[in-house]
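These notes concern the structure reproduced below.
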Amino acid sequence: MAKSDPKFIVSSTIAGTVLTVVYAIVADLSRDSSGFDLVYFLAAYGFSAAVVLSYWAWLYKQHCDLSFGIVFFWALIFRLLGIWGEPILEDDYFRYLLDACLFVTYGSPYGIAPETLFLSNALTPECEPLLSGVNNPHLSTIYAPFLQYIFVFAHLISPVNLDLLQGIVVLFDLAIILMLGKLAPARMVMLYAWCPLVVKEFAFTAHPDIIGVALLFGALLSKSRGKIAWACILVTLAACTKILAAAALPFILYRQPIRYWLIALAGAGLLYLPLLIQHQHSDIEILAHFAKTWRFNAPFFSLLSGLLNDQTARYVAMVVFLSWYAYYFTRYQAIQSATDIPRMDWIFGILFLLSPVLNAWYWVWILPFAVIWPSAWAWTGSVVLALSYMIGLNLPDSQLQDYEVAPLAQWAQLISVAIALLIDYRHRRIRSFSHH
């Protein structure tokens, strides 16, 4: 089907317009001071996901592709609406803004628990209201150095400006779309660019994980094109954005000359040292605390910890993941070429399955790779993870603790992804049989 075909133009316009109306309504409701109702959120999210997946299925059946320009245009519209809106069912943004305030005031946000500042006058008047909104005020920040520099950069331009921070996050998100446009058909890029999870978690809510994902993806793309120095710089920035990105370091540095290892080490040192010198604290301390104690939306881990005790389950999960990682890394080195991007969707997928914590926005570490290697399980996960917002805070009439996910919601997520995995396995078997 030619891209100028009226059916192509009309269908993309209808789908884009419908999603624009939905996101405009969501953005308007999010600005209401009374808060966003969970039922409305799940309805809008589910409807948006149904539109995107149904339209993709129609394009697939019609053997039709979209123009990348159209995909990008509507993606930009959705994100601008998200920036106009307010964070939905989330309060993490208070911490991002507060970290910047602490950085400017103390030279580093590390080692400073917000609750110690409640009775002080150390913060500026514009920063003080943030203290009442930040969660876990007894703990200092968990966000890594590169994010802290981004937070303070935004603060220096315009203090306590969430719209600006959302805009910066969206720029990294758009960079992922542009990179994917060079690697995959536009209809596959659409699955990411129009994905409700991506629009909600990053344009609306400004979660900074997308910054690490963009840097990681850029690093792997650079490595595949033989730009090793750039790959080392980008993967180091990614790992200093979120520790998850360190999983890609061996794929980039293995068998490389020592100078590339030094580039990575020097980059990490330049990011960490100024903050460590200031307060002798870093994000590692709080990461260790969360790794030992925190649990959220983890049905498989809950099953494992039911058979074992909590700490033993954490060790077992870690050993299983590292064993799988070692197996895949060895296999990759044996059969893949240097230009092949590793299956980080598999690596992060196993990690999240075993992890005691799975927030909805974590899934973005999988989605760009699911554009290159389409899978039912990855895109199913992007839909059902909305159920993780069924927590005590959002269900005030329930008996759940504030951050406890409804058990039915947890199991619905796990079962849905498991069924999608079976579909992927069956589809792979059928394709393998047909090739023979």
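The values are calculated or read from the model by the stated rules, or taken from the named source; none is laboratory data. These figures come from a predicted structure and were not determined experimentally. Note that we place each Cβ from the backbone using ideal geometry, even for glycine, and neighbour counts take in every protein chain shown. Heavy atoms of the whole protein, side chains included, go into the accessibility calculation; ligands, DNA and RNA do not. Shrake-Rupley method; radii C 1.70, N 1.55, O 1.52, S 1.80 Å.
As a test of the formula, what do you get for the chain when each DSSP H run with n ≥ 4 contributes -39,500 (n - 2.57) and the sum is divided by the residue count, at 222 nm and rounded to the nearest 500 deg cm²/dmol? Before the final figure, lay out each step's value.
Values: 18 runs with 277 residues, N = 436.
So the calculated ellipticity at 222 nm is -21000 deg cm²/dmol.
Using a 1.4 angstrom probe with every protein chain in place, what is the largest-first accessible-area order of TRP230, TRP361?
Working: TRP230 150, TRP361 25 Å².
Ranking TRP230, TRP361 by accessible area, largest first, yields TRP230, TRP361.
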| Rounded, prolate or oblate: which fits region 220-310, taking a ≥ b ≥ c as square roots of the Cα gyration tensor eigenvalues, rounded meaning a/c under 1.5, else prolate when a/b beats b/c? | oblate
| said: Using each residue's phi in region 346-357, evaluate 6.51 cos²θ - 1.76 cosθ + 1.60 at θ = phi - 60° and report the 3J(HN,Hα) Karplus result to the nearest Hz, with x for Gly and Pro. | reply: 5, 4, 5, x, 5, 4, 5, 4, 8, 6, x, 9
| task | Would you mind putting 70-78, 309-317 in packing order, based on average other-beta-carbon counts within 10 Å, highest first? | result | 70-78, 309-317
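Given the convex hull over the Cα atoms of region 26-80, what projected area results after averaging over all orientations, in nm²?
Numbers: hull surface 17.7 nm².
That works out to 4.4 nm², a quarter of the Cα hull's surface.
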| HN-Hα J in Hz across region 208-225 - Karplus 6.51, -1.76, 1.60, θ = phi - 60°, x for Gly and Pro | x, 3, 4, 5, x, 5, 4, 5, 5, 5, x, 5, 5, 5, 5, 4, 5, 9
| Can you list the residues, at least 5 places off or on another chain, whose amide H is less than 5 Å from the amide H of VAL405, using H built in the peptide plane? | ASN297
| task | Can you quote the Å³ per residue value for the convex hull of the Cα atoms in region 274-418, rounded to an integer? | result | 165
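Given contacts defined as C-alpha pairs under 8 Å and at least six residues apart, what's the relative contact order of the chain, whole-number percent? Walk me through the numbers before you get to the answer.
On the way: 562 pairs, mean separation 69.7, N = 436.
Relative contact order for the chain comes out at 16 percent.
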| message | Which cysteines in the chain lack any other cysteine whose Cβ sits under 4.7 Å from their own Cβ? | response | CYS64, CYS195, CYS232, CYS240
| Fraction in percent of alpha-carbon pairs per bin - 10 Å, region 100-245 | 11, 34, 33, 16, 6, 0
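Give the peptides 124-132, 348-356 in descending order of average Cβ contacts within 10 Å, highest first. The partial results should precede the final answer.
Details: 124-132: 14.6, 348-356: 20.8.
Packing order, densest peptide first, comes out as 348-356, 124-132.
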| request: Could you tell me whether region 1-98 comes out rounded, prolate or oblate from its Cα gyration tensor? Rule is a ≥ b ≥ c as square roots of the eigenvalues, rounded for a/c under 1.5, then prolate if a/b exceeds b/c, otherwise oblate. | output: prolate
| query | Roughly what would the spin-label model give for ALA43 and ARG225, points 7 Å off Cα along C-beta, in nm? | reply | 4.6
| task | Name the residues whose placed amide hydrogens come within less than 5 Å of the amide hydrogen of VAL357, ignoring near sequence neighbours (fewer than 5 apart) on the same chain. | result | PHE296
| Overall Cα dimensions of region 259-318, principal axis frame, Å, largest first | 45, 29, 18
| note | Given backbone amide H placed at 1.01 Å from N, residues whose amide H is under 5 Å from that of TYR110, ignoring those fewer than 5 places away on the same chain, are none
| What does region 233-276 give for Rg and for Dmax, in Å, if only its C-alpha atoms count? | 10.3, 32
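Computed over the Cα atoms of the chain, what is the convex hull's projected area averaged over all directions, in nm²? Display every interim value, and only then the final one.
Numbers: hull surface 90.6 nm².
Over every viewing direction, the Cα hull of the chain projects on average to 22.6 nm².
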| field | Rough spin-label spacing in nm, given labels placed 7 Å along Cα→Cβ, for SER54 and SER158 | value | 3.7
| request: Take the Cβ-Cβ distance between GLU115 and LEU287 as r, set R0 to 25 Å, and report the resulting FRET efficiency rounded to the nearest 0.05. | output: 0.80
| Mind listing the phi-derived Karplus ³J(HN,Hα) values for region 395-406, rounded to whole Hz, using 6.51, -1.76 and 1.60 with θ = phi - 60°, and x for any glycine or proline? | 10, x, 8, 8, 9, 6, 5, 3, 10, 8, 7, 3
| message | Need one number: nm distance between label points at GLN62 and TYR327, each 7 Å from Cα along Cα→Cβ, rounded to one decimal. | response | 4.2
